[in-house]
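See structure below.
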Ligand SMILES: [Zn+2]
């Protein structure tokens, strides 16, 4: 086993590590390793060796309204559909640290929400001679690790598996609009109070924001991940929120729009949580699903943690 620091994806100071373990426990209501209690009760359940990567993928896709998507970025990034599963790791990013943790856990199947090779479709032609790419793909091949990206499918679940996961961790599900979960009506809080709440529920050290900390916020538009400036700005125009809470932005798009809206006199602010913080609870949705559908497979959530630090 690697050290606790590395289990969280990177070497980090102890206080950060404790926060992460707390975060995961709070998110899934169990420890870092969630192995279903059904396992010991089951008499007729097949061993994990009986399941292949393709079977788990097909089972998830069969539950998505509309079924198979084409095109989709949710392809195998390494390994094959026929790989017999020894264990599964769920994560936001299949980083080299996460891959090493999977190896230590005896897991050969990683289900990641985001790309493995630094671009949305995971094109690798342009990386063929890149040393970082070569190191990573060699590590995967040596240890026969399969990686499946579950991005489009989990977002197509009704309700969206990622949005539900994060809303629950934020304690905001009860305030969410029944038809459009991304619109949340909070009891009036100041922007500052909202930011404190989000930081503590999602265990974020710092967020970036645009706006007046004393501004009253009731109508919240929540867009996790990196939806892009056009989507974020179009959604602001349609929903007319007091605050957009999002995963990440292009600095020259949404932040500038909100700044101009404020100058015009609109009651609007922006909170940028960070991409991973805004979607990581969606991975715990995946973990719960696995424990229900494939209780004999050991499944573990390994946080990929934030690549960016703040000084
Ligand atoms: Zn996402």
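All of the numbers you see were taken from the coordinates with simple rules; none came from a lab. All figures in this text were calculated on a predicted structure; none of them were measured in a lab. Glycine gets a Cβ as well: all are built from the backbone with ideal geometry, and neighbour counts include every protein chain shown.
Give me the extension gain from residue 307 to residue 82: residue separation times 0.36 nm, minus the current Cα-Cα distance, reported in nm with one decimal.
Result for the pair: 77.8 nm of gain on full extension.
Between residue 62 and residue 256, what is the label-to-label distance in nm when each label sits 7 Å out along the Cα-to-Cβ direction?
Computed distance between label sites residue 62 and residue 256 equals 5.0 nm.
Exposure proxy check: 311, 57 ranked by fewest other beta carbons within 10 Å?
The most exposed by this proxy come first: 311, 57.
Would you mind telling me the antiparallel percentage of the DSSP bridges in segment 161-276, rounded to 5?
For segment 161-276, the DSSP antiparallel bridge percentage is about 55.
Counting other C-beta atoms within 10 Å, which of 220, 243 has the fewest, and how do the rest follow?
Final ranking by Cβ density, sparse to dense: 220, 243.
Which order do 153, 175 fall in if you start with the one that has the fewest other Cβ atoms within 10 Å?
Exposure proxy ranking, most exposed first: 175, 153.
How much of the DSSP beta bridge set in segment 88-155 is antiparallel, as a percent to the nearest 5?
The antiparallel proportion sits near 0 percent.
Over segment 161-276, calculate the relative contact order: mean separation of alpha carbon pairs under 8 Å at least 6 apart, over the residue count, as a percent.
Taking the mean separation of contacting Cα pairs over the length of segment 161-276, I get 25 percent.
What fraction of the DSSP beta bridges in segment 43-199 is antiparallel, stated in percent and rounded to the nearest 5?
35
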